[in-house]
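Engineer: Input: one structure, supplied below.
The values are calculated or read from the model by the stated rules, or taken from the named source; none is laboratory data. Remember, predicted model here, so these are calculated numbers, not experimental data. Please note: Cβ atoms are built from the backbone with ideal geometry, for glycine as well, and neighbour counts cover all protein chains shown. Side chains included, ligands, DNA and RNA excluded: accessible areas come from the protein's heavy atoms. Shrake-Rupley method; radii C 1.70, N 1.55, O 1.52, S 1.80 Å.
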Amino acid sequence: MSYDVAIVGAGYVGLPLSTTFAEAGCRVLLVDVVEPVVEALNRGESHIEDVESAHLAPLVEQGLIRATVDYAELKDADAILIALPTPLSRQREPDLSVVEAAARGIAKVLREGQVVVLESTTWPGTTREVLQPILEAGSGMTAGVGFHLAMSPERVDPGREDWTTKTTPKVLGGITPACTRRAAGVYSRAVDSIVEVSTPEAAELTKLLENIFRSVNIALVNELAQLCDRMSIDVWEVVNAASTKPFGFMPFSPGPGLGGHCIPIDPFYLTWKAREFGFYTEFIELAGKVNEEMPYFCRSLVSQALNHAKQKAMKGSKILVLGVAYKPDIADMRESPAVKLISLLSNAGADVAYHDPHVPHFAEHRLDMSSVAYEPAAYDCVVIATDHSSIDYDALIDEAELVVDLRNATGAKGTESPKVFKL
């Protein structure tokens, strides 16, 4: 059986990518090492929130998508796209072990004329310095001659509906101009717009710049929020007022920290690589420091609110955290700052529970918790960590004894209420 595209990794990037190609009429092979996931996919059952089973099942039934754990089947595909995680180690350094292992598996079955594209976010040079040698050594072929190699970073934003995998422009750069052209030909079958750059390194750095831009600007407004707390100025009012300027300003919101699969991680890929060149990305690292400290600042806000409003210590207080997903209206828990905040509140002696309609249970960072019933009046304090739209925040102000709002979810009513303390 032949395939137009094979995608290694059936996760948050790989599965939406597979449906995008399948909807364009391409036959897609999904390769993943988790057998239960593969079995579910072949039944038309999705494990990814952005791809509903009702959307996936018809594509599977039509034979446009098939999943397997067998890397040997990759030889039957015209193109192989690698969409695997690239996390940080405990020492906050890049961990490419998953991508490297996949590359070794691909190299064993790579055939002449195939196109290989790395989608995983990583440091500039990974495609040329890590992926290319593995593929060449294992296949006996040369990139740009025997097979074509390129880099095209994913741009997935979970929960977003206005921009999809199909409509978001696709940046890509190949090892050679011919590699770029061949990779562009693959993606142009399913993606509306292709942006070709001169090298894989340019494509890799493009993705990092996009996320570093957000990290730095979020750090700026997070630092401003801390200053506004000391100056007794409403940071949300300031950001909203600045946003009325029709040019030269882009609004960013403060919060309890950074979450998701990109922004808390990607900048550190560049800071790590920069040291190889004797260069220190102080601006980027300072932004990371500010953002990583936000859960600690928010813990202090909760403590102050309890002291001022209820003359009550943190120790022994019953606290309900609203929302543990990293952003509203999704179930994605990756790098969620709410988890760190819960840990800090618990370590300070509080009796902490959480309610999240999207996350019934989680086990991370030595925490193993399940979502409780939404009963704000049963707690000394309710902390809004993620502002899911299903919560009636006006009613929350009326029902709760005390609210610490880290997302401005309570709006104008919260600003006016003596029971609400805002970031």
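Engineer: In the chain, if the dipole is taken from +1 on Lys/Arg beta carbons and -1 on Asp/Glu beta carbons about the Cα centre, which of ASN222, HIS47, VAL324 is farthest to the positive end?
Structural biologist: Of the options given, the answer is ASN222.
Engineer: Once fully extended, how much extra length lies between HIS365 and ARG104, figured as 0.36 nm per residue of separation less the alpha-carbon to alpha-carbon distance?
Structural biologist: Difference between extended and current length: 90.8 nm.
Engineer: How much FRET efficiency would the formula 1/(1 + (r/R0)^6) give for LEU88 and PHE283, where r is the Cβ-Cβ distance and R0 is 30 Å, rounded to 0.05?
Structural biologist: That gives a FRET efficiency of 0.95.
Engineer: Roughly how compact is segment 292-388, stated as its Cα Rg over 2.2 N^0.38 Å to two decimals?
Structural biologist: Here the answer is 1.00, to two decimals.
Engineer: Mean-square fluctuation check for the chain, GNM, Cα pairs under 10 Å: which of SER152, SER336, SER371 is largest?
Structural biologist: SER371
Engineer: Quote the FRET efficiency, to the nearest 0.05, computed for SER390 versus ASP95 with a Förster distance R0 of 30 Å and r equal to the Cβ-Cβ distance. Don't skip to the end; give the middle numbers.
Structural biologist: Details: r = 35 Å, r/R0 = 1.18.
Efficiency at R0 = 30 Å is approximately 0.25.
Engineer: Now, a different point. Around GLY288, under 13 Å between beta carbons, what's the net of Lys plus Arg minus Asp minus Glu among the other residues?
Structural biologist: Charge balance in the 13 Å sphere: -4.
Engineer: Is it possible to state the helix-based mean residue ellipticity at 222 nm for the chain, with each DSSP H run of 4+ residues giving -39500 (n - 2.57), the sum divided by total residues, to the nearest 500 deg cm²/dmol? What is it? Could the numbers behind the result be given before it?
Structural biologist: Details: 13 runs with 161 residues, N = 423.
Result for the chain, helices only: -12000 deg cm²/dmol.
Engineer: Distance check, please: which entries in LYS310/LYS413; LYS315/LYS422; LYS108/LYS166; LYS108/LYS207; LYS207/LYS289 exceed 23 angstrom between their Cα atoms? Before the final figure, lay out the partial values.
Structural biologist: Details: LYS310/LYS413 20 Å; LYS315/LYS422 21 Å; LYS108/LYS166 31 Å; LYS108/LYS207 29 Å; LYS207/LYS289 21 Å.
From the list (LYS310/LYS413; LYS315/LYS422; LYS108/LYS166; LYS108/LYS207; LYS207/LYS289), the Cα-Cα distance tops 23 Å for LYS108/LYS166; LYS108/LYS207.
Engineer: To the nearest 20 debye, what is the magnitude of the charge dipole of the chain about its Cα centre, counting +1 on the Cβ of each Lys and Arg and -1 on the Cβ of each Asp and Glu?
Structural biologist: Numbers: 37 positive and 57 negative charges, 170 e Å.
Computed about the Cα centre, the dipole is about 820 debye.
Engineer: Let me ask something else. Roughly to the nearest percent, how much of the accessible area of the chain is carbon and sulfur, given a 1.4 Å probe?
Structural biologist: After summing per-atom areas, the C and S share lands at 53 percent.
Engineer: Assuming R0 = 45 Å, can you tell me the calculated FRET efficiency for the pair GLU399 and HIS55, based on Cβ-Cβ distance, to the nearest 0.05?
Structural biologist: 0.75
Engineer: Explain nothing, just the number: relative contact order of the chain, from Cα pairs under 8 Å at least 6 residues apart, as a whole percent.
Structural biologist: 10
Engineer: Under 8 Å for C-alpha pairs, at least 6 residues apart: give me the relative contact order for segment 158-203, rounded to a whole percent.
Structural biologist: 46
Engineer: Who wins for biggest fluctuation among PRO153, PRO337, PRO133 in a Gaussian network model of the chain, springs between alpha carbons below 10 Å?
Structural biologist: Most flexible of the set in this elastic network: PRO133.
Engineer: Continuing with the same structure: Among PHE277, SER253, VAL235, which residue has its Cα positioned farthest towards the positive end of the charge dipole of segment 229-282, with +1 placed on the Cβ of Lys and Arg, -1 on the Cβ of Asp and Glu, and the dipole taken about the Cα centre?
Structural biologist: In segment 229-282, that residue is PHE277.
Engineer: Could you tell me which label, among [x] 1.64; [y] 1.07; [z] 1.02, carries the value of Cα Rg over 2.2 N^0.38 Å calculated for this structure?
Structural biologist: Label [y] holds the value from this structure.
Engineer: Quick check for you: with a 1.4 Å probe and neighbouring chains kept, what is the accessible area per residue of the chain, in Å²?
Structural biologist: Here the per-residue accessible area is 44 Å².
Engineer: Determine the sum of side-chain charges near SER243: Lys and Arg each +1, Asp and Glu each -1, restricted to other residues whose C-beta is under 15 angstrom from that of SER243.
Structural biologist: -1
Engineer: For a label point 7 angstrom out from the Cα of MET250 toward its Cβ, which stretches of segment 196-220 have the backbone nitrogen within less than 17 Å?
Structural biologist: 205-220
Engineer: Within 10 Å, count the other beta carbons around each residue, average over each peptide in 85-95, 115-125, 43-53, and list them highest first.
Structural biologist: 115-125, 43-53, 85-95
Engineer: Filter the chymotrypsin sites (Phe, Trp or Tyr not before Pro) in segment 279-325 down to the DSSP loop ones having no more than 15 other Cβ atoms within 10 Å, then list what survives.
Structural biologist: PHE279, TYR280
Engineer: When the distances between all Cα atoms of segment 151-237 are binned every 10 Å from zero, what whole-number percent does each bin get?
Structural biologist: Going out from 0 Å in 10 Å bins, segment 151-237 shows 16, 33, 24, 15, 10, 3 percent.
Engineer: State, as an integer percentage, the relative contact order of segment 1-124 based on alpha-carbon contacts under 8 Å between residues 6 or more apart.
Structural biologist: Relative contact order, segment 1-124: 28 percent.
Engineer: Another question about this same structure. Using 0.36 nm per residue of separation minus the Cα-Cα distance, give me the extension gain between PHE213 and ALA313 in nm, one decimal.
Structural biologist: Numbers: separation 100, 0.36 × 100 = 36.00 nm, distance 3.87 nm.
Between PHE213 and ALA313, full extension yields 32.1 nm more.
Engineer: Can you compute the charge dipole magnitude of segment 203-360 about its Cα centre, using +1 on each Lys and Arg Cβ and -1 on each Asp and Glu Cβ, nothing else charged? Give it in debye, rounded to the nearest 20.
Structural biologist: Details: 15 positive and 17 negative charges, 94 e Å.
For segment 203-360, the charge dipole is close to 440 debye.
Engineer: What's the whole-number percent of alpha carbon pairs in segment 239-325 lying beyond 18 angstrom?
Structural biologist: Details: 2406 of 3741 pairs.
Across segment 239-325, Cα pairs with separations above 18 Å total 64 percent.
Engineer: GNM on the chain, C-alpha springs below 10 Å: top fluctuator among THR176, THR168, THR244?
Structural biologist: Looking only at THR176, THR168, THR244, the biggest GNM fluctuation is shown by THR244.
Engineer: Looking at segment 104-261, what % of the alpha carbon pairs are farther apart than 27 Å?
Structural biologist: Here the long-distance tail beyond 27 Å is 41 percent of all Cα pairs in segment 104-261.
Engineer: Something else about it: In straight Cα distance, which aspartates and glutamates are under 18 Å from LYS273, not counting same-chain residues fewer than 8 positions off?
Structural biologist: GLU93, ASP95, GLU100, GLU129, GLU201, GLU204, GLU210, GLU282, GLU285
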